[in-house]
Amino acid sequence: MTDTTQQPTPVEWEDHSELHRKDDGGGLLSAFKAVRQGTLAELVRFVASLPEEERGDYVIEKSGDHRLELVEIMALASRPDFPGRAA
């Protein structure tokens with residue numbers, strides 16, 4: 001019998017990432033518009049710690065041009081392997 005339980009895809013928690021206001025426009029000068037820089041884990045922890053009504057104002061731009069919106073950020077924060085997860 002084959003095990004059909006899927007393991008979550010590994011996350012590179014230490015990847016360099018940038019926090020941006022959702023409406024900053026992106027573009028070539030995007031790095032200059034970053035509100036904060038750090039690892040993916042640090043920025044996910046930061047957004048998750050904001051008051052709920054403010055969380056949607058931000059996105060995380062991860063190395064490799066991946067832009068994480070609030071739904072994906074909060075899904076990462078709830079993963080069992082999230083380094084900032086409360087025990």
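The values are calculated or read from the model by the stated rules, or taken from the named source; none is laboratory data. As the structure is a prediction and not an experimental result, all values here were calculated from the model. When we count neighbours, we look across all protein chains shown, and the Cβ atoms used for this are built from the backbone with ideal geometry, even at glycine.
Among the residues of the stretch 16-41, those that are out of contact with any Gly (no Cβ under 8 Å at 6 or more places or on another chain), at pLDDT 90 or above and not in a strand (DSSP E or B) comprise VAL35, LEU40. Is it the case that ARG79 is in a loop (DSSP other than H, G, I, E, B) and surrounded by 11 or more Cβ atoms within 10 Å (Cβ to Cβ)? Yes: the conditions hold for ARG79. Residue count for the stretch 43-69 under the criterion of being touching a strand residue (DSSP E or B) at 6+ places or on another chain (Cβ under 8 Å) and either over 18 Å from ASP15 (Cα atoms) or buried (at least 16 other Cβ atoms within 10 Å of the Cβ) (or both): the result is 12. Selection of the stretch 32-42 for residues being polar (S, T, N, Q) and either crowded, with 17+ Cβ neighbours inside 10 Å or free of Cβ contacts under 8 Å to residues at least 24 places away in the same chain (or both) yields only GLN37. Of the residues making up the stretch 60-87, those that are closer than 17 Å to ASP23 by Cα and touching a helix residue (DSSP H, G or I) at 6+ places or on another chain (Cβ under 8 Å) number 6.
Of everything listed in (1) modelled with pLDDT under 95; (2) assigned to a helix (DSSP H, G or I), the single unmet condition for PRO8 is (2). Among the residues making up the stretch 42-76, those that are in contact with a Lys or Arg (Cβ under 9 Å, 6 or more places away or on another chain), outside any helix (DSSP H, G or I) and not charged (D, E, K, R) are GLY56, TYR58, VAL59, ILE60, LEU68.
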